[in-house]
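Inspection log for the structure reproduced underneath, given as structure tokens.
The values are calculated or read from the model by the stated rules, or taken from the named source; none is laboratory data. Small disclaimer: the values here were computed from a predicted structure and weren't measured. Backbone-built Cβ (ideal geometry, glycine too); neighbour counts: all protein chains shown. What goes into the accessible areas is simple: the full protein's heavy atoms, side chains included, and nothing from ligands, DNA or RNA. Shrake-Rupley method; radii C 1.70, N 1.55, O 1.52, S 1.80 Å.
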Amino acid sequence: MADLLQDNKQMPTQATSLLRGKTAGAIGLMAMLIFALHSSTHMVGAGDTWVALACGRHFYNHGVDTNEPFSANSHRVGPTAEEIETWPEWAQKITKIVGINTVKYWHPTGWVNQNWLTHVIFYWLAYQSPFADGPSLSFNTLMYWKFAIYILTVICVYYTGRVMGAHPALSAALACASMFIGRSFIDIRPAGFSNLMVAAFMLVLVLSIYRNYLYIWLILPATIFWANLHGGYIYVFIALTPVVAIRLLGMLWRKTAVKLELRATTSKSLLPGTTPQALWHTIAAGTIAFIASIIFNPFHLTNLTHTFQISISANAEGWRNVHEWWPAFRWDNPVGTGFPLLVMMLAGIGLLVIWVFSRLLIPKQNKSPKMQGGNQQKNFNLIANAVGFASALLVIWATMISFSFTDASGVSFLVSGLFVGILWASVLVNVHFIYLILPFGLLMLYTADAAQGYAGRYIFPFITVPFYCGLFAVASRISKKPAYSFLNIFYVTAAAAVTLLVSAATVNPFKFTQPIWHLEQYVNLHRLWQLAYEANLEITYAKLFPVLYWINAFCIAAWLAAPYARAVFRDIFASSDVTSAPAEGEYRKPKIDLALVVIAAMTVYMALRSRRFIPIAGYVTCPLIALLTDQIIQTVAASINFRRNGRLTLPRMPVEMQRWLLAGSAAVVMGFGTWWGLKFKNVYIDPWPTETKLTSAFIRMTASAVKPFDACRFITENKMRGNMFNYWTEGGFIAWGQTPDPDGHTPLQLFMDGRAQAAYNYDAYMLWSEIMAGGPVVQKARIRNKNLTDGDYAQVGEWLDSRLKQFKVWVVLMPSNQFDTPFVEGIRRNPSWRLAYMDDKQKLFVDISTPRGLEIFKGIGDGNTIYPEKCYRDTIIAHNMLAFGGSAEQLAMGFQCALSAFEEGTMRTPMQLIQMYYERYPQCRPQVNAFWQKVLEDFHANKKKYLSSDGYYYRAVAALMAMGQLQQTANKETVESYERERAELQRVIETMQDKRW
């Protein structure tokens, strides 16, 4: 691979430098590994993962077909003769000519699982591989698959930038950024393979453009493999379309195309991938890959048409109501975040504009500046200042948006422009221009809406010093105008401080209650404004202002120490034998293949339409951003070198600056690595608060502990068959959790699951939604904005009972997040439905008007109904005695079962039942108090052990409930000790917030 990644020799480049050495390479590699691993640690629900395991098990044992085994409402095998009669006339004629069996082979209908190979891989990894850990319910193997996928992805993104000609440091930095952009959508699902394949495809494409057009033939095996992994393989043909179109335009209008740079060139030569021969190879490779993706796939033509059916069919818009299909910038979406994409998009657009204008810096004729007229020098100065100002504005505006200091509106752009203008004049003209920050800051506050938190415009005094220092550091390396003075930092700091004080005295945005000289008021500041962009982010900015104070202090200290640190730093690296020399040869205008720009824009548009494409938008666009940034830097450096030395060549970057960049990069990488490593330990290795059994890193990462593991054991051990109604995102797990029949079918058939349009008609989804909503009574109440009464719930239960019976449903299983919905409340109140199983996470109801439902319900009492663990039987008996028991004997039995359930398994439900017995039945209160006393004594005796073990949350909650109950009869001293301990345990419980990532 190394020989493929040599810099294009037609483009003069900087000679060997520290930033291209082994140390820089090691830092870049470490950074990419850290960001790839970090991107793979986000907690995302694993609904599709469990579907994949269920499907993979079926395919592994029974082969790939369109016979759907899990649901009573899914697509059926076809096409049948009846279905063909509904087809267009031309399709019916073809069927008559070739025969229905041929049509079934080449265009089968039914269950079209485009992800079948990924599902088989998942099942093999978890159950059949040498490192299988599925039987132990760990599944960490799938987490390692995720790590491997995104390590390979970041490598592909990096080399894509390198092959295009971007500097190694920029390629590495933007590869890291691409991982961060898509992090909130990276989970363990078949789409992970598509993410990798998009990155790999782009690498193949740029290799064919920049190295040798024959590399385009690599898309043939890649597409065949991809077409069996995931439906995203269609991206190959989408991306090749603009490549071919632009090449054809270049052939038709060659002169115009070259002038407009539709043909990507370096120097006077065409890139290998833009020649006519390359075009024909691209068309041939794409055509053969297209045909092969149909032939070498079990669903043949349907694998292609199914993609369009779910994307552009009449019901496609309805399916896009699923959260992951929502537009990127729907900030009320609970799934993922489009905030990083917004920043990337603004940065990309800004860089493209700057790149276009930076080309004007290169002289038309390579003559010495002394031989050129004064107008050219003036024009150069004007363009150079415009490019410099635009670059500073882009960096500062993007930074402010990234840290939620401002929004991405046109007004904020203009405000940021004024702010940058003041900094620009202070750095390049005279430092005393910084005093304009005072009227600027006041104007911004007076023109902002106080009710909207002043749109964040109170932030300028806090960021003036850091941005001034940063702008000065960069400007001083490319211009002689910035003059360092020991006093400058005092002027800037004073201006910022006075602006803050005057703002507090006049506008008072932070609503100070004491005079402005009470400095303690400035220590505990809090943000007044929160962007909608921050939805789903785990950043609170609670310590924003203390951090800004530290950053200001660091900048001031760095400014004052700069003259001394420079000398010390030079001495530290004085022994280095690495030298840098100016590059030889005339510098020419850099050019970018327009096809790559169009592909990036098209992919970003896909992400804007549907946020599930945000990761690939990052992988495709970030290498291009790296290239744009690199070419802007080279163009500016070469033009400045020409003005200073009369040579249009790339000057060397000062070794001192390289050393600073190298040291800073190492510090940043080590900082992120340490921070995220400790976070990983805390979240995925340390004791888990709410589980004692299901505690593997995979289970935590996918929030799978809430899935119905034990409820499925209950279903399997009681040999429950027929039809059930389930929450649709739980369906895949329920299919996996049951033991299939010998023919592969699931005994208790699902009503719906997360495979959506792959397995169901849209009508099936709408039917599920209608039943889940609770029917017309609920709809009327919502229209009138009224709460449901007990009578309403009774009517809801009757309607649900009749609807479920229409589909022969006799089992309902619902997760805890649905316990309070009208559906569950209606079912609970209907006399035909009884609770047969419950735990903290799931409730399972059976229809006792059916023989099997009645048998299951009666079996609770006589012992014929089997439970995975005794605590679950005791829990349901305790519940039923509360709900239906009347005699003292039944009451006593239920209460004892509640106590036993708590002792046998650490759950929240038995504790709640015990408290309900206390509140309803006074005769139980002495026993309840004795129970809580015993719980508290046990907690005190084993406190250290309990709080350092899995499931410590329930131990802490039990102790809190015990103290809350016992303090009613305790003396004052005991109550005070309880209060102290309660505060301590509340802090322990609050640490659960740190277990999110």
Filter result for residue 807 (in contact with a Phe, Trp or Tyr (Cβ under 8 Å, 6 or more places away or on another chain), among the aromatic types (Phe, Trp, Tyr) and closer than 30 Å to residue 702 by Cα) | no
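Considering each of 857, 823 in turn, give the residue that is open to solvent by 30 Å² or more (accessible area, probe 1.4 Å), over 22 Å from residue 907 (Cα atoms) and not in a strand (DSSP E or B). Step through it out loud before you land on a result.
Details: 823 fails: open to solvent by 30 Å² or more (accessible area, probe 1.4 Å).
Step by step, each of 857, 823 is checked, and only 857 is open to solvent by 30 Å² or more (accessible area, probe 1.4 Å), over 22 Å from residue 907 (Cα atoms) and not in a strand (DSSP E or B).
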Take the range 428-453 and flag every residue that is open to solvent by less than 10 Å² (accessible area, probe 1.4 Å) and under 13 Å from residue 488 (Cβ atoms).
-> 434
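Conditions tested, residue by residue: (1) at pLDDT 95 or above; (2) crowded, with 18+ Cβ neighbours inside 10 Å.
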residue: 373; (1), (2): no, no
residue: 382; (1), (2): no, no
residue: 388; (1), (2): no, yes
residue: 397; (1), (2): yes, yes
residue: 402; (1), (2): no, no
residue: 409; (1), (2): no, no
residue: 417; (1), (2): yes, no
residue: 420; (1), (2): yes, yes
residue: 423; (1), (2): yes, yes
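Regarding the range 256-269, can at least one residue be identified that is at pLDDT 85 or above, open to solvent by less than 10 Å² (accessible area, probe 1.4 Å) and not in a strand (DSSP E or B)? Can you show your working first?
Our first condition is that a residue be at pLDDT 85 or above; within the range 256-269, this holds for none.
Within the range 256-269, none of the residues are at pLDDT 85 or above, open to solvent by less than 10 Å² (accessible area, probe 1.4 Å) and not in a strand (DSSP E or B).
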Return yes or no: is residue 418 of a type in the set (A, V, I, L, M, F, W, C), touching a Lys or Arg at 6+ places or on another chain (Cβ under 8 Å) and touching a residue at least 12 places away in the same chain (Cβ under 8 Å)?
-> no
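Modelled with pLDDT of 85 or more and either more than 28 Å from residue 631 (Cα to Cα) or over 37 Å from the mean Cα position of the chain (by Cα) (or both): does that describe residue 310?
Details: modelled with pLDDT of 85 or more: no; either more than 28 Å from residue 631 (Cα to Cα) or over 37 Å from the mean Cα position of the chain (by Cα) (or both): yes.
Against the criterion (modelled with pLDDT of 85 or more and either more than 28 Å from residue 631 (Cα to Cα) or over 37 Å from the mean Cα position of the chain (by Cα) (or both)), residue 310 does not qualify.
Restricting attention to helices (runs of 4 or more DSSP H) lying wholly within the range 729-817, give those where 1 or more residues are within 30 Å of residue 302 (Cα to Cα) and open to solvent by less than 10 Å² (accessible area, probe 1.4 Å).
Working: elements: 731-737, 762-773, 776-783, 790-806.
Per the criteria, 731-737.
Residue by residue through the range 335-367, note down the ones that are among the β-branched types (Val, Ile, Thr), in a loop (DSSP other than H, G, I, E, B) and within 30 Å of the chain's Cα centre (by Cα).
As a first pass, look at the range 335-367 and keep what is among the β-branched types (Val, Ile, Thr): 335, 337, 343, 349, 353-354, 356, 362.
Imposing the further condition that a residue be in a loop (DSSP other than H, G, I, E, B) reduces the set to 335, 337, 362.
Answer for the range 335-367, where residues must be among the β-branched types (Val, Ile, Thr), in a loop (DSSP other than H, G, I, E, B) and within 30 Å of the chain's Cα centre (by Cα): 335, 337.
Among the residues of the range 37-88, write down those that are among the acidic types (Asp, Glu), under 17 Å from residue 116 (Cα atoms) and open to solvent by 10 Å² or more (accessible area, probe 1.4 Å).
Quick first cut of the range 37-88, residues among the acidic types (Asp, Glu) only: 48, 65, 68, 82-83, 85.
Going one step further and asking which of them are under 17 Å from residue 116 (Cα atoms), we end up with 48, 65, 68.
If the condition is that a residue be among the acidic types (Asp, Glu), under 17 Å from residue 116 (Cα atoms) and open to solvent by 10 Å² or more (accessible area, probe 1.4 Å), then 48, 65 are the ones that fit.
Given 697, 759, 735, 703, which one is on the phi > 0 side of the Ramachandran plot and hydrophobic (A, V, I, L, M, F, W, C)? Before you say what the answer is, go through the steps one by one.
On the way: 697 fails: on the phi > 0 side of the Ramachandran plot; 759 fails: on the phi > 0 side of the Ramachandran plot; 735 fails: on the phi > 0 side of the Ramachandran plot.
After ruling out the rest, the residue left standing is 703.
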Which of the residues spanning the range 477-490 are open to solvent by 70 Å² or more (accessible area, probe 1.4 Å) and either outside any loop (DSSP other than H, G, I, E, B) or among the hydroxyl-bearing types (Ser, Thr, Tyr) (or both)?
-> 477, 478, 484, 490
Out of all the residues in the range 185-231, which are assigned to a helix (DSSP H, G or I) and under 19 Å from the mean Cα position of the chain (by Cα)?
-> 185, 191, 192, 193, 194, 195, 196, 197, 198, 199
So residue 520, is it farther than 26 Å from residue 386 by Cα, free of Cβ contacts under 8 Å to residues at least 40 places away in the same chain and either surrounded by 19 or more Cβ atoms within 10 Å (Cβ to Cβ) or among the acidic types (Asp, Glu) (or both) | yes
Yes or no: residue 909 in a helix (DSSP H, G or I) and either open to solvent by 60 Å² or more (accessible area, probe 1.4 Å) or modelled with pLDDT of 90 or more (or both)?
-> yes
Do you know which residues across the range 525-566 are more than 27 Å from the chain's Cα centre (by Cα), at pLDDT below 85 and open to solvent by 40 Å² or more (accessible area, probe 1.4 Å)?
-> 563, 564, 566
Which condition does residue 44 not pass, out of (1) within 26 Å of residue 807 (Cα to Cα); (2) at pLDDT below 90; (3) of a type outside the set (Gly, Ala, Ser); (4) touching a helix residue (DSSP H, G or I) at 6+ places or on another chain (Cβ under 8 Å), if it passes all the others?
-> (1)
Do you know which residues across the range 110-133 are in contact with a Gly (Cβ under 6 Å, 6 or more places away or on another chain) and either over 14 Å from residue 297 (Cα atoms) or surrounded by fewer than 20 Cβ atoms within 10 Å (Cβ to Cβ) (or both)?
-> 110, 119, 120, 122, 123, 126, 127
Give the residue that is farthest from residue 770 (Cα to Cα), with candidates limited to residues of the range 826-846 that are open to solvent by 20 Å² or more (accessible area, probe 1.4 Å) and within 33 Å of the chain's Cα centre (by Cα).
-> 841
